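A.B. asks: Sharing a structure below in structure tokens format, with a few things to ask.
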Amino acid sequence: MTAVSYKYRPLKPNSHEIRMLQIHPSWRSFSRIKCSLVIADLDDLDSEAVPFGFYEALSYTWGDATGKVTIQLDGCSFEVTRNLAAALRRLRAKKGSRYLWVDAVCINQADEQERNSQVALMGHVYRRAEQVLIWLGPEADGSKAAMKLVTSISDIGVEESDMEASLANEAHRARWQDVARLFDRSYWRRVWVRQEVALAKGIVVLCGDRMMSWDALIEAAIFLNHNTADFEPIAAELTRYTSGIYDVIGMDILREMILKDDRVTLEDVILHLRQCECTDQRDKVYGGLGLVGREVSMPVDYGLDKVTIYTNAAIAAIQTGNSLNTICACQNLSRGSNLPSWVPDLEADWTARKLRRTENLDTLGSAGGFADPTFSFHRRPDGLFSLKARGVIVDAISEVCAEFDNHETLFEVLEEWRALAVKTLAAARPPLSDDEMRSRFWRTITVDEELRGLAASDAFIAQALEHVVEGASGAIPPIDLRYAQSTFNERVHEDAANRRFYATANGRIGLGPSDTERGDLVVVLLGNALPVVLRKEDSHYLVVGETYTHGIMKGEIAAELDRGALAIEDLEIY
């Protein structure tokens, strides 16, 4: 008998109709998976016509598209990936149907118009689900033992000191390698799972035949984050993705933001999702729209290209947030993406760590916070959009040092930076004390920030003295950060990596993007938290990237504007 392929029954246009997957029960674990699709209206789930009292939503990765498995859907053949088939088999009950929303089956992926409308509803689908089921995949790579160990970290009867001792014990290394592999699963790096986890009422985590709560997973991730000195070397032996625990913590931060404010700003969503993986790069915008408030009007349209979608997202983020901070996510001017320079390229890796997070601006200050932002968008002759904004050209970069891009050359690079700092600051009028010269340089290479987003204290900056080369002296003595550890050392490695130290025509020092060149301009846009480096090109400007420039980070240029030493200008950025 020839198998009959499944044909979708259309959903009503301009409605909130969705399909729900009914998994039929079976007493036999490996019998063929049989399912049905039920159409229901999200706005009328309490109707007597709806055959289920509640539903669950599956959060998973599609997995390898080759070697698919055929299931039975309303009596017809339907192909799903092996990972999804394993999830359906794991979730199938012995008695009674289970109702599950699964994107690969419930959305007709071949119908672009339906895909557009259903993707726009996904946030509502996950919000309304009784619980979200995270499927990490079948048992493999010691996952059963890893799930058990992760769960035990949060057990009331287990002392944290015992876990710390186990983590540092070489004899227990294999156990923690299993945990590292669990956090290395591709699920944690995918775009769509952020929204699915953040919007869930409740969450159950499944891997093979083991399960645990979301809270247990988070407690384990936090524990490992606090013990990174022991855990990261274990994880690094297995994979370059040592950030799985940070992915989990990041998802929980989004979840907390939703629980607190019921939404996340589009700017935060864009910055969070840009580091994630997806098959269609446009999903780095569409995969987070369910997290933002209703004031963001951005229809899902897979008929648009990436340049249009990324530009629309940047415009929407700037307009709804009434802030130009989104452009601080722009790096790599020579990226060749065809995007305007002020639009973040969500597909490209950042070469340097984002300097400051939105939630830390209250304690760290705002360079342009003395005035409200002024901006508008205009279509250029080439079809792209320019950004017109008001700002202050504070200074011009006169000298640029080598980039810190290799730990092995850190001492030599810092020596070059130090020499330029001494030369620049020694020429200051009135003269600076040795203490002030040291403070300015050391605060610049740490962007004046401690761990956890706190403003750098004098005690934190004084840690640099622990790294002074033996017998060295001078206003700014040489420091060696290659060996001894400190939080000061950690901040330099995080914030100065893949950046260049520079001096300006008016005696300022700063830390700029790797693309910074002599002649570039240090600019504070009105309302912007961070200064940016702009490059003049004909009658317009290009964004090189965000920068730290000592002495202008907390709105100090307002006083210079009052004295008439600086002026506000209209700037058009291509």
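A.B. asks: What's the number of the only condition in (1) at pLDDT below 95; (2) open to solvent by 60 Å² or more (accessible area, probe 1.4 Å); (3) in contact with a helix residue (DSSP H, G or I) (Cβ under 7 Å, 6 or more places away or on another chain) that G67 fails to meet?
C.D. replies: (2)
A.B. asks: Something else: Among the candidates V150, V179, V132, which residue alone is surrounded by 15 or more Cβ atoms within 10 Å (Cβ to Cβ), part of a strand (DSSP E or B) and in contact with a helix residue (DSSP H, G or I) (Cβ under 7 Å, 6 or more places away or on another chain)?
C.D. replies: So the residue among V150, V179, V132 that is surrounded by 15 or more Cβ atoms within 10 Å (Cβ to Cβ), part of a strand (DSSP E or B) and in contact with a helix residue (DSSP H, G or I) (Cβ under 7 Å, 6 or more places away or on another chain) is V132.
A.B. asks: Then there's this: Filter segment 18-34 down to residues that are of a type in the set (D, E, K, R) and surrounded by fewer than 17 Cβ atoms within 10 Å (Cβ to Cβ), then give me how many there are.
C.D. replies: 2
A.B. asks: Is it the case that K144 is open to solvent by 20 Å² or more (accessible area, probe 1.4 Å) and either at pLDDT below 95 or not in a helix (DSSP H, G or I) (or both)?
C.D. replies: no
A.B. asks: Looking only at segment 79-89, which residues are open to solvent by less than 30 Å² (accessible area, probe 1.4 Å) and not in a helix (DSSP H, G or I)?
C.D. replies: V80, T81 - these are the residues of segment 79-89 that are open to solvent by less than 30 Å² (accessible area, probe 1.4 Å) and not in a helix (DSSP H, G or I).
A.B. asks: Does segment 379-391 contain any residue that is over 21 Å from V532 (Cα atoms) and within 28 Å of the chain's Cα centre (by Cα)?
C.D. replies: The answer is yes; a qualifying residue exists.
A.B. asks: Look through segment 43-57, keep the residues that are assigned to a loop (DSSP other than H, G, I, E, B) and open to solvent by less than 20 Å² (accessible area, probe 1.4 Å), and return whichever of them is nearest to R128 (Cα to Cα).
C.D. replies: Top of the filtered list is Y55.
A.B. asks: Pull up segment 444-498, narrow it to residues that are without any contact (Cβ under 8 Å) to a residue 24 or more places away in the chain and either part of a strand (DSSP E or B) or charged (D, E, K, R) (or both), then point me to the one that is surrounded by the most Cβ atoms within 10 Å (Cβ to Cβ).
C.D. replies: V468
A.B. asks: Within segment 216-300, which helices (runs of 4 or more DSSP H) (wholly inside it) include 1 or more residues that are free of Cβ contacts under 8 Å to residues at least 40 places away in the same chain and aromatic (F, W, Y)?
C.D. replies: Hits in segment 216-300: 244-261.
A.B. asks: Ok, one more. I'm trying to understand the selection: among the residues of segment 184-206, which are assigned to a helix (DSSP H, G or I) and open to solvent by less than 10 Å² (accessible area, probe 1.4 Å)?
C.D. replies: Those that are assigned to a helix (DSSP H, G or I) and open to solvent by less than 10 Å² (accessible area, probe 1.4 Å): Y187, W188, V193, R194, Q195, E196, V197, A198.
A.B. asks: Also: I479 passes all but one of (1) modelled with pLDDT under 95; (2) of a type outside the set (K, R); (3) more than 31 Å from the chain's Cα centre (by Cα); (4) under 19 Å from V413 (Cβ atoms); which number fails?
C.D. replies: (1)
A.B. asks: Taking segment 224-240, which residues are open to solvent by 10 Å² or more (accessible area, probe 1.4 Å) and of a type in the set (A, V, I, L, M, F, W, C)?
C.D. replies: Result: A229, A236, L238.
A.B. asks: Kindly indicate whether any position in segment 509-518 is touching a Lys or Arg at 6+ places or on another chain (Cβ under 6 Å), closer than 19 Å to F375 by Cβ and either hydroxyl-bearing (S, T, Y) or open to solvent by 10 Å² or more (accessible area, probe 1.4 Å) (or both).
C.D. replies: No, every residue in segment 509-518 fails to be touching a Lys or Arg at 6+ places or on another chain (Cβ under 6 Å), closer than 19 Å to F375 by Cβ and either hydroxyl-bearing (S, T, Y) or open to solvent by 10 Å² or more (accessible area, probe 1.4 Å) (or both).
A.B. asks: Moving on to the next point. Against the condition open to solvent by less than 20 Å² (accessible area, probe 1.4 Å) and touching a residue at least 40 places away in the same chain (Cβ under 8 Å), how does T311 come out, does it pass?
C.D. replies: Here the answer is yes, as T311 does meet what is asked.
A.B. asks: So how many residues does segment 166-202 have that are without any contact (Cβ under 8 Å) to a residue 24 or more places away in the chain and in contact with a His (Cβ under 9 Å, 6 or more places away or on another chain)?
C.D. replies: 1
A.B. asks: Suppose we keep only residues that are under 18 Å from V69 (Cα atoms) and basic (K, R) within segment 15-40. Which one would you say is modelled with the lowest pLDDT?
C.D. replies: The selected residue is R28.
A.B. asks: Considering only segment 343-359, I want to know if a residue exists there that is assigned to a helix (DSSP H, G or I) and among the hydrophobic types (A, V, I, L, M, F, W, C).
C.D. replies: Within segment 343-359, none of the residues are assigned to a helix (DSSP H, G or I) and among the hydrophobic types (A, V, I, L, M, F, W, C).
The values are calculated or read from the model by the stated rules, or taken from the named source; none is laboratory data. From a predicted model like this one, the values you see are computed outputs, not experimental measurements. Cβ: placed from backbone, ideal geometry, glycine included. Neighbour counts: every protein chain shown. In case anyone asks, the SASA skips ligands and DNA or RNA and just uses the protein heavy atoms, side chains included. Shrake-Rupley method; radii C 1.70, N 1.55, O 1.52, S 1.80 Å.
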